[in-house]
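A.B. asks: I am attaching a structure below and will ask some questions about it afterwards.
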Amino acid sequence: MVCGAEVTLAKVAVAMSGGVDSTVAALLLKEQGHRVLGLSLRLGHGPDRAWQEGARAAAQLGVEHQVVEAGEVFGRLVVEPAVRAYARGLTPNPCAVCNAGVKFPLLWSAARQAGCRFLATGHYVRLEEARGRLLLAEGRDPKKSQAYFLARLEPEILAHLRFPLGGLEKRQVRELALGAGLRAAQRRESQDNCFLPAGGWDEIMAQHRAVRPGVVEDQGGRVLGRHQGLHRFTVGQRRGLGIAAGRRLYVLGLDGRRAAVRVGPAAGLEVAGFYGSSARWYLPPPWGRELVVRHRYSRRQPRAVLEPLAGERVLVKFIQPERAVAPGQLAVFYQGDRVLGSAWIERTIPAREQRSALEESPWPVDGPAVTNGKAVTQSI
């Protein structure tokens, strides 16, 4: 059952970026008879056009619009931790961090102050009820579903959210926008890391004096070349290695202590599992039972078994070895299409290791990176 399908008509807030998804979400709620307030974040980083485009979309719909200032908190909670993570050899997920720590809390706070009953967004995700609790569930469009990026939301906020597009496909949303004559119907898809400047992460890392050049080496430690920044690499990467080896090589790992990139054949990407930190659950975790894990948004979803560790940590053991699991990324745990919980990937367990995963240390093997004479601590 989709929770919140029937809502008493009221004043509601809609997060509006000017894109087709958020604009159609606002359109649908307005057509249902709700009094809509459009809210847009001003991030103060990168192009930062979403608040202006959101205002234009709200004006075309004839709904009220407000801008919510988020520059300071966005820089502190999203940009700076991502810089530190990249400098340490991790692959952060700024979108998931922003949704849980900045976007939804700030927008819901502004919505409440304006007297709104709930906050709606244009995400392709659904809300379902199970065991008396609300859960996030994948949207009906498997190619656009965004439950993965919302899996760090506080459980308490779910009751105040609505997702009008959760049961629609992208094609239907475009058709609705075209039928209503919305300018947003012609806008291109928004990209991840919408706050990036023209120079991308290269520019941001340089601004923070966190660029860490180093060596590219094989599995035996033999130096194959040099690279111009650890942040340019992630586990599983094949292109852009900057070396001519005569065979196909992949990034197998990033040594944050030495700013070294380790490369090798695809077989070296296989891992038996990983340690996760800061686990968050919407239902009691099903320890020892098989479930589905998504360790990157674009990755397939392998099956795994979870075991509890101290301090909100979790040990994840894949049923079959999995490739390209990157420390720093978000792992989301599912039963069917429902999100049970999530954790940040701390360290992987190579499949070639024969020792029991329980004998491994749950702490990352790399020490804190050092940049410009100062230690860079992990914060994701």
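The values are calculated or read from the model by the stated rules, or taken from the named source; none is laboratory data. Keep in mind that what you see is a predicted model, and the values were worked out from it rather than measured. Cβ atoms come from the backbone with ideal geometry, glycine included; neighbour counts cover every protein chain shown.
A.B. asks: Considering only residues that are at pLDDT 95 or above and β-branched (Val, Ile, Thr), look in the range 1-40 and name the one that is nearest to Leu106 (Cα to Cα).
C.D. replies: Within the range 1-40, the match that is nearest to Leu106 (Cα to Cα) is Val14.
A.B. asks: Here's another thing I want to ask about it. Could you please let me know if Ala375 is buried (at least 17 other Cβ atoms within 10 Å of the Cβ) and either farther than 28 Å from Ala100 by Cα or at pLDDT below 90 (or both)?
C.D. replies: no
A.B. asks: Does Val292 count as touching a residue at least 24 places away in the same chain (Cβ under 8 Å) and buried (at least 20 other Cβ atoms within 10 Å of the Cβ)?
C.D. replies: So Val292 fails the test.
A.B. asks: Among residues belonging to the range 310-324 that are at negative phi and under 21 Å from the mean Cα position of the chain (by Cα), point out the one that is surrounded by the most Cβ atoms within 10 Å (Cβ to Cβ).
C.D. replies: Residue satisfying both the conditions and the ranking: Val316.
A.B. asks: Take the residues of the range 95-106 that are surrounded by 22 or more Cβ atoms within 10 Å (Cβ to Cβ) and not charged (D, E, K, R): which is farthest from Phe195 (Cα to Cα)?
C.D. replies: Phe104
A.B. asks: With respect to Gly71, determine if the residue is in contact (Cβ under 8 Å) with a residue 12 or more places away in the chain, farther than 30 Å from Thr234 by Cβ and touching a His at 6+ places or on another chain (Cβ under 9 Å).
C.D. replies: no
A.B. asks: Among the residues of the range 151-182, which ones are closer than 24 Å to Ala57 by Cα and assigned to a helix (DSSP H, G or I)?
C.D. replies: Selection gives His160, Lys170, Arg171, Gln172, Val173, Arg174, Glu175, Leu176, Ala177, Leu178, Gly179.
A.B. asks: For Ala87, only one of the following conditions fails: (1) under 30 Å from Ala259 (Cα atoms); (2) surrounded by fewer than 23 Cβ atoms within 10 Å (Cβ to Cβ); (3) touching a residue at least 60 places away in the same chain (Cβ under 8 Å). What is its number?
C.D. replies: Every listed condition holds for Ala87 apart from (2).
A.B. asks: While we're here: Would you mind stating whether Ile345 is within 29 Å of Pro213 (Cα to Cα) and of a type in the set (A, V, I, L, M)?
C.D. replies: Yes, satisfied.
A.B. asks: List the strands (runs of 3 or more DSSP E) inside the range 217-309, counting only whole elements, that have at least 1 residues being of a type in the set (Asp, Glu) and under 25 Å from the mean Cα position of the chain (by Cα).
C.D. replies: Once the strands (runs of 3 or more DSSP E) in the range 217-309 are filtered for at least 1 residues that are of a type in the set (Asp, Glu) and under 25 Å from the mean Cα position of the chain (by Cα), what remains is 250-255, 290-294, 303-309.
A.B. asks: Mind counting the residues in the range 179-209 that are surrounded by fewer than 11 Cβ atoms within 10 Å (Cβ to Cβ), on the phi > 0 side of the Ramachandran plot and outside the structural domain of Glu53 (by TED's automatic domain parsing)?
C.D. replies: So the count comes out to 0.
A.B. asks: Okay, next question. Out of Gly101, Gly167, which single residue is modelled with pLDDT of 95 or more and closer than 22 Å to Ser40 by Cα?
C.D. replies: So the residue among Gly101, Gly167 that is modelled with pLDDT of 95 or more and closer than 22 Å to Ser40 by Cα is Gly101.
A.B. asks: Would you be able to say whether some residue in the range 155-162 is assigned by TED's automatic domain parsing to the domain that holds Gln60, within 26 Å of the chain's Cα centre (by Cα), buried (at least 17 other Cβ atoms within 10 Å of the Cβ) and basic (Lys, Arg)?
C.D. replies: Yes, there is a match, as at least one residue in the range 155-162 is assigned by TED's automatic domain parsing to the domain that holds Gln60, within 26 Å of the chain's Cα centre (by Cα), buried (at least 17 other Cβ atoms within 10 Å of the Cβ) and basic (Lys, Arg).
A.B. asks: In addition: Answer with yes or no whether Pro92 is touching a residue at least 24 places away in the same chain (Cβ under 8 Å), under 30 Å from Val261 (Cβ atoms) and either in contact with a helix residue (DSSP H, G or I) (Cβ under 6 Å, 6 or more places away or on another chain) or among the aromatic types (Phe, Trp, Tyr) (or both).
C.D. replies: Yes; evaluated as a whole, the condition is true for this residue.
Residue-by-condition table, conditions (1) of a type in the set (Lys, Arg); (2) closer than 21 Å to His34 by Cβ:
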site: Arg84; (1), (2): yes, no
site: Arg117; (1), (2): yes, yes
site: Arg133; (1), (2): yes, no
site: Ala137; (1), (2): no, no
site: His160; (1), (2): no, yes
site: Leu165; (1), (2): no, yes
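A.B. asks: Condition first: modelled with pLDDT of 90 or more and of a type in the set (A, V, I, L, M, F, W, C). Now tell me which residues in the range 181-194 satisfy that.
C.D. replies: Listed by number, the residues that qualify are Leu182, Ala184, Ala185.
A.B. asks: A follow-up question, please. I need the full set of residues from the range 57-102 which are outside any helix (DSSP H, G or I) and either among the small types (Gly, Ala, Ser) or within 24 Å of Leu136 (Cα to Cα) (or both), in order please.
C.D. replies: Passing the criteria: Gly62, Ala70, Gly89, Pro92, Asn93.
A.B. asks: Further, regarding this structure: Condition test on Ala137, is it modelled with pLDDT of 95 or more and over 16 Å from the mean Cα position of the chain (by Cα)?
C.D. replies: no
A.B. asks: Need the failing condition index for Phe195 against (1) closer than 21 Å to Leu43 by Cα; (2) touching a Leu at 6+ places or on another chain (Cβ under 6 Å); (3) outside any loop (DSSP other than H, G, I, E, B), just the number.
C.D. replies: For Phe195, the exception is condition (3).
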